[in-house]
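S.K.: Just passing along the structure, written as structure tokens.
What follows draws every value from the coordinates through simple rules; no lab data is involved. The structure presented is a predicted model; accordingly, all values stated were derived computationally and were not measured. As a convention, Cβ positions derive from the backbone with ideal geometry for all residues, glycine included, and neighbour counts pool all protein chains shown.
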């Protein structure tokens, strides 16, 4: 809402000394938040004066333009009283016109300093100004020609142009719809200065009678009040008076024609949207009803709309003539030839306005006010004000007859404990102060014992609850008065275990050289295709958004990899030689069930809650990792330590296993085939053993095609795990170990096995065979080559034995080793080298 | 060597003459002092303290002396040998120290060589920022609550006093999921976590809920359709706006430093009544509204001359919300607040473009390390 300060002062007797900044600050403190304060005069340094054009000589120039060499009477403003010689490029004026002149030494908006300068063969001593140059309008349509009575040559033009009238732009919250009017803003301004307020809606209006235009309301709930007034004999050529045009412009609206401008002016002044019909285009009784399904109406924006039975429409005997309270119809629109105007000033059901506006995607100044709630008692005053202005400035005649259908609904009283404002705000607010503050704002208040009973004024439809009254009291007492007191909760339980473990995961990965990223969780077919997912892959079952930001990514993601792969490629594209990135985020699969919309009067039943929570889909927290390019750097120390020099499957698995170790969850791997990984280099990551093993996710090298599709180097690797599932397996309380201090016995064995046999299988066999004396087993070499037959590989394991209670003998160690090898031979076909 | 002098005759043994012993001692000491390295010292030891050294040989002659002379000669030789042994020890220590020094000198490395074999990792400042905030509140006895990002419409809106026709539902343009009959949204705020908390626990409740939220905003330097919010909820007996103000003052100071105070302005949120916007005193101009570096008349660019920066929204929990979530509004009152984590970090660290948070450029996160 933009309001010129002069308009506020017209209705609130603010002290002369009140500056615009202070006024804006006080309004902000009352809840009308300052967005911008426009001070047009601030950008101009005079002398800016009224001038009368004495002579103008058109002089054609070689560049094709014609300039005017003018002499302008600027009174004594130039110090000499002599006419000022000025070159002007515009042509929309004539000798005798009053214009606006900036003299040398002056500065126009944009730091445009004016000096006498030689141009087109003359010394031009100043400039005749356009609206754009003065900051009055966006585009220039020639220079400003002032009305003949605007002033005398030499007068300061700042005041004449209204440039000294600051404009306060405020952000109006939905609960303060009253402030979408000068009436409301001025009322709060008067409140802020404890100054007298003059209500523009307090006027003598002619009584309702039966002589007015016939109106029939079929839906009084949708349209409780409908006022109609008729004027005739409007001078179609009458122009909008300067003060109305200026104020509309200041308020951000474009002047159009007198009749339209007057309805807009009254809307800004009172808050009540007004619609004017060209009465000559109306047929018979005007009515209000709900639309029939599929009824059509072309609104005055030229849009043909198909209506819903919930839409309120205005009709006459010919059919639909408007979408009530939202936008008029094209057929009965006022035009440049309109001489008879039917003024409609009606109150509409806000909910219906809101729904109709949303359904038809119409945002209008009228709709904005009607859907938030307008004072229903001012319909007659607003209509009468429109009639007055059309009569005064349009030469129209007010026809007898005042149609008023319906009465405004009465407001319900609200009972509030008298000490509630003090209790809720923490400010010491005596009950009588609270009562006075409410009365100052137009509430009818009675004190009844420990309670206060307040009837809100009709312009405050938002105030319905005791706590609403508290806000109205506290905003006047002042939010600055709220003291600062720390509450004292009891002992808390700290972070949950899952919260602590998640921090641990991030620290572990960052400690291992991975950098965390945060991506948008949106995904589309192209991203999933780029991962090489099969048509029936479960990760294609997404939850789609009804209103996605991008048609390419219309769904919530089922995997963290698309965002990570993109971020990796972006880093390499920006010059990084290698990156290890990780992200934790929730993913979700499609196939949700409906969630109910429950009541809000009281807590839902357990059954209702259960149904509600069950309908919200599972959103497990995933961990994703991608490794691309250099993982460990080569340097003066030699090569990077990664097996291939570049990040690969082994680095990915190393990070996964490290994570398992940090969380105390032993993880194992086994070969798997799953997109987007290389079919021969993908591991399923498991926790637990045998039948009870849980698959937590996958890790390994990305498929070469996936690397190519994402502009990543071949051999890049990735991981995706269900982090919630992993964290749930972290042991809550680990039993401390009993450490044997007896000597350890070492045995190394090299075993020949088929290349298809996995290290994990051989290791498991060794473990089982070695028995309980085995302390650890570790694969330390894999060899294929000259000494190993075709189709075989040699796996070298270091076995470590120790007993808790004695030094092992060579015989014991040897027997355990032999048993381990025997088990490997039996289960894996291993032959000791 | 002379045979044992068992005859108790005074026998002159030349090597045991005091002059001879002293000469041997002096010779030994001189040789020790002259030894330049452990090898030389080893040779000196053999020559002057070994089995065939003059003093050792002299020692063997003591038996040849008459018994009454043995004591004196023994003491003389013993003293001399002791002095030599001591000198050897001292010299060995000196030479070893010198040798070690030379050896260490040859092993000198260039300690300025890079050791960035494994590039540093980092956690994202949005993560560590959320943890920082959580820790501020946990230190006051609060707890951290979480909830899903795809949320039931009822929890995101209705339970928070935003009915189906509430104008506020258009204020925060919402991502809805398909089909519409599921009544699911990408949560527009972390407030549904508050509703879930009230529905699952009994007061007193003191929780903060950091998390990811969604609105259909354009993506530019100061807006993002995906961003992060922290909300707080306190429900207890006798809670007032004063407790809200105290909590936010503490939060602001802990997050942004001493002297960063807060200001309340009346505002509107359906879930709170009264409602307020909370502003922070401008970090740059400290409330003066003018640029501290460019003189008193230049408007501060950070706060655009207002002296204050918008931080978030807050208020007293609307009793309608308490009732819908099963809290006895005759016994308990509460306060709630919410602010952007992204925005707070931008203030705290002078980040000018919000998109840097979401691009995944490792240069961004590594700047902050793994703890804020």
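S.K.: Find the all-direction average of the projected area of the Cα convex hull for segment B:125-368, expressing the result in square nanometres with one decimal place. Before the final figure, lay out each step's value.
M.R.: On the way: hull surface 56.5 nm².
Answer in nm², one decimal: 14.1.
S.K.: Against the longest principal axis of chain A, how steep is helix A:350-359, in degrees 0 to 90 to the nearest 10, with axes from Cα atoms?
M.R.: Orientation of helix A:350-359: about 60 degrees from the principal axis.
S.K.: Take chain B, connect every pair of alpha-carbon atoms lying under 10 Å apart with a spring to form a Gaussian network, then pick out the residue of B:213, B:15, B:321 with the largest mean-square fluctuation.
M.R.: Of the options given, B:15 has the highest mean-square fluctuation.
S.K.: Roughly speaking, what is the stretch gain from residue A:772 to residue A:211, that is 0.36 nm per residue apart minus the C-alpha to C-alpha distance, in nm to one decimal? Provide the component values of the computation, followed by the final result.
M.R.: On the way: separation 561, 0.36 × 561 = 201.96 nm, distance 10.91 nm.
Using 0.36 nm per residue and subtracting the Cα-Cα distance, I get 191.0 nm.
S.K.: To the nearest Å, what is the center-to-center distance of segment A:702-730 and segment A:440-471, using C-alpha atoms only?
M.R.: 61 Å
S.K.: Between the helical axis of B:67-106 and the dominant principal axis of chain B, each derived from Cα atoms, what acute angle in degrees is found, rounded to the nearest 10?
M.R.: With rounding to tens, the tilt is 40 degrees.
S.K.: If all Cα-Cα distances of chain A are sorted into 10 Å bins from 0 onward, what percent lands in each bin, rounded to whole numbers?
M.R.: That works out to 2, 9, 13, 13, 13, 13, 12, 9, 7, 5, 3, 1, 0, in percent per bin.
S.K.: If you don't mind, another one. Extending each Cα 7 Å along its Cβ direction at residue A:729 and residue B:72, get the distance between those two points in nm, one decimal.
M.R.: Distance between label points: 9.2 nm.
S.K.: I've got another one for you. Once the principal axes of the Cα atoms of segment B:15-147 are found, what is the range along each, listed largest first in whole angstroms?
M.R.: Result, largest extent first: 105, 38, 18 Å.
S.K.: Using the eigenvalues of the Cα gyration tensor, what equivalent ellipsoid semi-axes result for segment A:215-405 when each is taken as the square root of five times the eigenvalue, whole Å, largest first? Intermediate values should be presented prior to the final figure.
M.R.: Values: eigenvalues 121, 63, 51 Å².
Taking √(5λ) for each Cα gyration eigenvalue gives 25, 18, 16 Å.
S.K.: If you don't mind, another one. How many angstrom lie between the Cα centre of segment A:327-358 and the Cα centre of segment A:135-177?
M.R.: Taking the Cα centre of each part, segment A:327-358 and segment A:135-177 sit 29 Å apart.
S.K.: Specify the residue with the greatest mean-square fluctuation among B:76, B:237, B:187, computed from a Gaussian network of chain B linking alpha-carbon atoms under 10 Å apart.
M.R.: B:76
S.K.: How many nm is it between the label spots at residue A:221 and residue B:253, if each spot is 7 Å from the Cα in line with the beta carbon?
M.R.: The answer from the label model is 5.5 nm.
S.K.: I want the antiparallel fraction of DSSP beta bridges within segment A:215-405, as a percent rounded to 5.
M.R.: About 90 percent, rounded to the nearest 5.
S.K.: So, one more: Under 1.5 on a/c is rounded, so check that first for segment A:42-161, then, if it is not, pick prolate when a/b is larger than b/c and oblate when it is not; a ≥ b ≥ c are the square roots of the alpha carbon gyration tensor eigenvalues.
M.R.: On the way: a/c = 1.32, a/b = 1.21, b/c = 1.09.
Cα axes put segment A:42-161 in the rounded bin.
S.K.: Roughly how many Å is it from the Cα centre of segment B:82-100 to that of segment B:127-197, as a whole number?
M.R.: Using only Cα atoms to place each centre, the spacing works out to 80 Å.
S.K.: Moving on. In the protein assembly as shown, what % of DSSP beta bridges are antiparallel (nearest 5)?
M.R.: Of those bridges, close to 95 percent are antiparallel.
S.K.: Which FRET efficiency, nearest 0.05, do residue B:85 and residue B:108 yield, Cβ-Cβ r, R0 35 Å?
M.R.: Details: r = 35 Å, r/R0 = 1.01.
The formula returns an efficiency of 0.50 here.
S.K.: Note down the relative contact order for segment B:125-368 as a percent, whole number, built from C-alpha pairs under 8 angstrom at least six residues apart. If you can, show how the numbers build up before the last one.
M.R.: On the way: 475 pairs, mean separation 50.0, N = 244.
Relative contact order comes out at 20 percent.
S.K.: A further question on this structure: Taking R0 as 51 Å, what FRET efficiency do you get between residue A:257 and residue B:293 from their Cβ-Cβ distance, rounded to the nearest 0.05?
M.R.: Values: r = 52 Å, r/R0 = 1.02.
Plugging the Cβ-Cβ distance into 1/(1 + (r/R0)^6) gives 0.45.
S.K.: Okay, moving on. In a GNM of chain B with a 10 Å cut-off on Cα contacts, which of B:88, B:322, B:345 has the highest mean-square fluctuation?
M.R.: So, out of B:88, B:322, B:345, the one fluctuating most is B:88.
S.K.: Right, here's the next one. If one takes the longest principal axis of the Cα atoms in chain A, at what angle in degrees, from 0 to 90 and to the nearest 10, does the Cα axis of helix A:649-663 lie?
M.R.: Rounded to the nearest ten degrees, it is 90.
S.K.: Calculate, in nm to one decimal, what residue A:597 and residue A:807 gain on full extension: separation in residues at 0.36 nm each, minus their alpha carbon distance.
M.R.: Numbers: separation 210, 0.36 × 210 = 75.60 nm, distance 7.17 nm.
That works out to 68.4 nm of additional length.
S.K.: Additional query: At R0 = 25 Å, how high is the FRET efficiency between residue A:363 and residue B:223 if r is their beta carbon distance? Nearest 0.05 is fine. Don't skip to the end; give the middle numbers.
M.R.: Details: r = 20 Å, r/R0 = 0.80.
E(calc), rounded to 0.05, equals 0.80.
S.K.: To continue, here is another question. Modelled label-to-label distance, residue A:740 and residue A:59, 7 Å Cα→beta-carbon offset: nm?
M.R.: About 11.3 nm, to one decimal.
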